[in-house]
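Quick one: structure below, then a few questions.
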Amino acid sequence: LLANANGDKNKLAEARKLIASLNDDIADYKSQVEVLKGEKIKLTEEKEMVTQEKNKVMQDLESTKSIVKEKEDIIDIGSTLHASHFNITGINEKKSGKEIATNTAKRVDKFRVSFDIDENRIATSGIKDIFIAITSPDGKVVVDANNPIKFIDRNGDEKICTKLISLSYTQGQRQPLSFDWKAGDFTTGDYKIEVYNNGFKIGEGVYHLKKGGLFS
């Protein structure tokens, strides 16, 4: 319009009007930009606040999980059973069916092992796995080569054992447990019988077999 006005007052007036309108629009846009900048700053601050609150909630959650895990570990350890009052007897089985106690190796046909599972008010009622490891005088755990029984102890190590007993346990009660164990041949020396539950050794007993004879 300015280029084509050629002194035309109406065109000049129209051009001035458009310029003024454009200036007003520019001023309005600037104002809006300033408002948006302010809102952006506010949103950024709110985002930072929300992020901090989220981080705190996550930290509190992790702390709570850690506390819960510690409590669960305490309960788990506390629920481990304990064995006491071990009694191990060598038995000689007669053809008549009569059983005679003996600690002479060549006469022993089997061991009769008994012990108590002590009362535990934390352990819940139900089936509890009791692992029995019998170590012969040569220092080796006696196992069934065709069907070895294994479990993981609290150190994460794999252990082999001789026998697994599934005990129907009642919370808070002392319960007697017994079993007979036969070996191919019994030799002189100490037999160690160790009992495990929940990855822990909960008791042990030792029984000595003598050679036998007049001067033994």
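I'd like the carbon and sulfur percentage of the solvent accessible area for region 73-149, probe radius 1.4 Å, heavy atoms only, ligands and nucleic acids excluded.
Values: 2160 of 4410 Å².
Answer for region 73-149 is 49 percent, counting heavy atoms of protein chains only.
So if we plug the beta-carbon distance of E46 and D25 into 1/(1 + (r/R0)^6) with R0 = 41 Å, what FRET efficiency do we get, rounded to 0.05?
My answer for the efficiency is 0.85.
Need one value: the accessible area of Y29 in square angstrom, 1.4 angstrom probe, rounded to the nearest 10.
Here the residue's solvent-accessible area equals roughly 140 Å².
Give, in nm to one decimal, the length gained when the segment between D8 and R174 is fully stretched (0.36 nm per residue of separation minus the Cα-Cα distance).
Net length gain for the segment: 48.1 nm.
Relative contact order for region 1-136: what is it in percent, counting Cα pairs under 8 Å that are at least 6 residues apart?
About 17 percent, as a whole number.
Report the calculated FRET efficiency for I127 and Q59 (r = Cβ-Cβ distance, R0 = 35 Å), to the nearest 0.05.
Using R0 = 35 Å, I get an efficiency of 0.30.
What's the local net charge at I122, with K and R +1, D and E -1, over the other residues with C-beta under 13 Å away? Let's see the in-between values first.
Details: positive: K71, R121, K128; negative: E72, D73, D76, D118, E119.
Net local charge, I122 excluded: -2.
Quick one: which of 131-143, 86-98 comes out on top by average Cβ neighbours within 10 Å, and what's the full order, highest first?
Going from most to least packed, we get 131-143, 86-98.
Taking a probe of 1.4 Å, how large is the accessible area per residue of the chain, in Å²?
Numbers: 15040 Å² over 216 residues.
Accessible surface, normalised per residue, equals 70 Å².
By how many degrees, between 0 and 90 and to the nearest 10, does the Cα long axis of helix 9-78 differ from the longest principal axis of the chain?
10
The values are calculated or read from the model by the stated rules, or taken from the named source; none is laboratory data. Keep in mind the model is a prediction, meaning the values are calculated, not measured. Cβ: placed from backbone, ideal geometry, glycine included. Neighbour counts: every protein chain shown. Accessible surface is based on the protein model in full, side chains and every heavy atom, while ligands, DNA and RNA are left aside. Shrake-Rupley method; radii C 1.70, N 1.55, O 1.52, S 1.80 Å.
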